[in-house]
Amino acid sequence: MRPRQWIKNGFVLAPLLFTGQFWQADRAGQALLAALLFCLASSAVYIVNDWRDAERDRQHPVKRRERPLASGAVTPRMALALLLALGALLAAGAWMQPGVMAVIGIYLALNLAYSFGLKHQPVIDIFIVASGFVLRALAGAVALEVKLSSWMFVTTLCLALYMAAIKRRQELARSGDKGRQVLQRYSLPLIERYAEMSATGALVFYSLYVMSAHPELIVSIPLVLFGLFRYWYVVEMKKGGESPTDVLLSDWQLMAAVLTWLLLCAWRLAGS
């Protein structure tokens, strides 16, 4: 289920933060429920992915120890039982938050298409990985019954493309083209250009967003810039980046920048 990866579902709470509704218990509850449903959905996706990739993961120097199915810690029968249980919980979620579950349905469909073929298609694979973050933000907006800002959409997309490109870069740098079939159709310079373009887009669009919609958050722009710089530093000098979650949780400076950004935004947006 990869609970460490649930931190990605924090993107569901982005609309709650930027609408300033986080002080309202009912609104926060709706957003947290949407995030919980995404945790269940993403766990189901991880089970399917691990099931499909078990043989290949056994050839990977790291995944053969970390992935439960590849390492033998979890049997296929246990994985199937867990997948069915997650499916039942998501079905209950469709009754509580039908709009959010419609978004999650798109997420599941894209990831099934990814697992069963599209992960071998260069560029498309990166965009599908990135789309998951955009859909998380959309689910948060649907849960609150607000419109997802166009600025938030494009900023989230660029940031997600940056992280997805970095993930592919590190996989290619560490394992060559043996880790994933699609890596045979990439080169390090190409993926680095993708990452640089996406990081620049994320910074520019975030800056335009806060200057046009939330000028009180202009002071947060240096923190975003520092976060992008620090993330790339960890990738280049500390050989991280294959898992964005591991990078965040293992680097105290990056963690401090993210937490400071969150607290600053919450303070400036409170009551807005």
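Listed here are the residues, each with its yes/no results for (1) of a type in the set (Ser, Thr, Tyr); (2) within 17 Å of the chain's Cα centre (by Cα).
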residue	(1), (2)
Arg185	no, no
Leu190	no, no
Ser212	yes, no
Glu216	no, no
Phe229	no, no
Leu254	no, yes
Take Gly117 and tell me if it is in the same structural domain as Asp26 (by TED's automatic domain parsing) and within 18 Å of Ser243 (Cα to Cα). no
How many residues does region 157-181 contain that are polar (S, T, N, Q) and touching a Leu at 6+ places or on another chain (Cβ under 9 Å)? 1
In region 183-208, residues that are of a type in the set (Lys, Arg) and touching a Phe, Trp or Tyr at 6+ places or on another chain (Cβ under 8 Å) total 0
Tell me, yes or no, whether region 77-90 has at least one residue that is modelled with pLDDT of 90 or more and under 30 Å from Ser150 (Cβ atoms). yes
Within region 139-151, is there a residue that is modelled with pLDDT of 90 or more and under 15 Å from the mean Cα position of the chain (by Cα)? yes
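Matching residues to (1) at pLDDT 90 or above; (2) among the acidic types (Asp, Glu); (3) not in a helix (DSSP H, G or I):
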site	(1), (2), (3)
Met1	no, no, yes
Trp6	no, no, no
Gly10	yes, no, no
Leu16	yes, no, no
Ala28	yes, no, no
Ala31	yes, no, no
Leu37	yes, no, no
Ile47	no, no, no
Single residue of Tyr209, Tyr233 found to be surrounded by 13 or more Cβ atoms within 10 Å (Cβ to Cβ) and more than 25 Å from Ser150 (Cα to Cα): Tyr233
Filter pass, Phe229 being within 20 Å of Cys265 (Cβ to Cβ) and either assigned by TED's automatic domain parsing to the domain that holds Leu118 or in contact (Cβ under 8 Å) with a residue 40 or more places away in the chain (or both): no
Log entry, pairs with first residue in region 8-26 being outside the structural domain of Ala266 (by TED's automatic domain parsing) and under 19 Å from Val154 (Cβ atoms), second being surrounded by fewer than 18 Cβ atoms within 10 Å (Cβ to Cβ) and small (Gly, Ala, Ser), beta carbons closer than 7 Å, six or more apart or on different chains, reads Leu17/Ala266
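The values are calculated or read from the model by the stated rules, or taken from the named source; none is laboratory data. Owing to the predicted nature of the structure, the values given are computational and were not obtained by experimental measurement. For neighbour counting, all protein chains shown are included, and Cβ atoms are generated from backbone atoms with ideal geometry for every residue, glycine included.
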